[in-house]
Amino acid sequence: MDSLLEKIGSLSKSEQAECAKHLMLGGGTRGGPVLVRGQGVRVYDPEGKGYIDCTSQSWALYLGYANAEINRVVAEQMQNLSHVHQGFDTLPRFYLARKLAQIAPGDLKRVSFTVGGGLAIEAAMKIAYKNTQPSREFICLYDSYHGTTLAMMGASWVSTRAAGKLVGGSRFLGLTRPFIRVPNPYCYRCPLGMKRENCSLACVQILRLTLERGVAGNAAGVIIEPIQASAGQIILPREYLEAVRKICDEFNVPLIFDEIQTYGRTGRFFAAEYFGVTPDIIVLGKGFGAGLPIAATIISNKLEGFQPDSEELHTFANSSVAQVAAAKQIELLENGILQNACRMGEYLGGALKGMQRDFPEIGDVRVAGLHIGIEFVRDPVSKEPLHAEGKAIRDEGIKVGVIFGLGGVRPNVLKIKPPLIIKKSECDEVLEKLHEAMRRVLRK
Ligand SMILES: Cc1ncc(COP(=O)(O)O)c(C=O)c1O
């Protein structure tokens, strides 16, 4: 056996178990198949069984597996340059920076690249902090997730006493940064116990009070996921985001949108466009690189940016290969893929709402393009969360050949976030398999 890939591909089950003993994993929903190859929206296990992947692998493979156009541009670029030190200019970096400035909303025109989402939010925090001195505190929302680097862990629900237990990040409290968290507009289960019809956005008033009286000095920034993904696919109301924008202006606090999961997925490049609210800083990651590690922080021209004196420097922050992949993907998104995300999102959303007739356990269907979540409850009145059933439905899904997302704060929320290239016939397959998985768990 000559080729390394052949050697790897022929690892027996017992060898795999032996290898696994050397792995140390800090997270991720386990229990799925071992993956060996993928094509389009499907991924295959060693026995050749195929699964439609509604997780897009951490919601990041917008163009699915083994996209020929991305593979081609990556292979071509690999012949020229791959890794380049941040201090050297390259044509792909020039091109991608200008392209992002062209598609970004408002006056967000300057970009810093890095390798992952957590680091990109940290970069946003550095910029916000620099521009608000004297300041110290950052504000984020209940149930938010902004990564697990030491700086971001304190902003993420994983450091919260969440879902009745202390998890992950709480073990590092002595090392993480304290964030001030304010109530999120999770209107299906309002944390303030109010109803949307007559709440007058009380949660936004709490943000206002916090900026007025709950911080020492200026606040350094407000960090928000416009759709709280790990929180359970919570789509923030447009009027909430509009009100936050006004309040941030009033207090002169930079508004940071963590668009690491929303970039492209709502059917628009940015959730900022989807909601019609422009922040001061947008952070991208995940799907931005078509599966290659690259993240970006895009800032308003009004803000002072980085100085080139090691304020922000990472060895792999200038991968020309990831940059051409990101740029090629933008071209493809512009040429029909974003429209497809809108169309398929509407189609799936309509069908899921239709399923509520047979399955009242689907308490809420939340759809913004292909950013979709369904929340399982005992019944629509009590809204008692069906945590065990959520996991069981995911497990049955895997048996019937579809991988749904789960996890985060609310294990009763199933996430349906396939690659943006999904076709209608593939959506039908997802719906059939979901129906079967729900039937097995909820009607046994
Ligand atoms: C909204 C959001 N922000 C930040 C992150 C952190 O990104 P990364 O895992 O690339 O550090 C994630 C990752 O899941 C995320 O979903």
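A few remarks follow.
- In terms of its alpha-carbon gyration tensor, segment 69-332 comes out prolate; a/c meets the 1.5 threshold, and the first ratio a/b outweighs b/c.
- Site pair residue 68 and residue 80 shows an inter-label distance of 2.3 nm when each label is modelled 7 Å from Cα along Cα→Cβ.
- Dipole magnitude of the chain about its Cα centre (Cβ charges: Lys, Arg +1; Asp, Glu -1), debye to nearest 20: 840 debye
- Global form of segment 291-444, assessed from the alpha-carbon gyration tensor, a/c cut-off 1.5: prolate
- Using 0.36 nm per residue and subtracting the Cα-Cα separation, the extra length available between residue 8 and residue 316 on full extension is 108.2 nm.
- Using a Förster distance of 22 Å, the FRET efficiency for residue 428-residue 353 (Cβ separation, nearest 0.05): 0.90
- Contour minus Cα-Cα distance for residue 30 and residue 172 (0.36 nm per residue): 48.9 nm
- Cross-link reach is defined here as a Cα-Cα straight distance under 17 Å, omitting same-chain residues fewer than 8 places apart; for residue 21 the lysines meeting it are 13.
- Accessible area of the chain belonging to carbon and sulfur atoms, whole % at 1.4 Å probe: 54 percent
- With protein chains left intact and a 1.4 Å probe, residues in the chain average 45 Å² of accessible area per residue.
- Full-stretch length increase - residue 249, residue 199 - with 0.36 nm per residue and alpha-carbon distance subtracted: 15.7 nm
- Residue among 119, 271, 169 farthest towards the positive dipole end of segment 69-332, charges placed on Cβ: 169
- The alpha-carbon positions of the chain define a convex hull whose volume is 158 Å³ per residue.
- Sparse-neighbourhood loop sites, trypsin sites (Lys or Arg not before Pro) in segment 1-103 - DSSP loop, at most 16 other Cβ within 10 angstrom: 21, 30, 49
- Taken along the Cα-to-beta-carbon direction at a fixed 7 Å, the label points for residue 129 and residue 192 span 3.1 nm.
- For segment 1-86, the pair-distance distribution built from all alpha carbon pairs, in bins 10 Å wide starting at 0, is 13, 32, 38, 16, 0 percent.
- Too-long pairs where the Cα-Cα distance tops 18 Å, listed order kept, from 109/302; 246/302; 302/328: 302/328
The values are calculated or read from the model by the stated rules, or taken from the named source; none is laboratory data. Note that the coordinates shown come from a computational prediction; the quantities given were computed from them, not determined experimentally. Here Cβ is always computed from backbone atoms with ideal geometry, including for glycine, and neighbour counts include all displayed protein chains. Please note that ligands, DNA and RNA were not included when accessible areas were found on the heavy atoms of the full protein model with its side chains. Shrake-Rupley method; radii C 1.70, N 1.55, O 1.52, S 1.80 Å.
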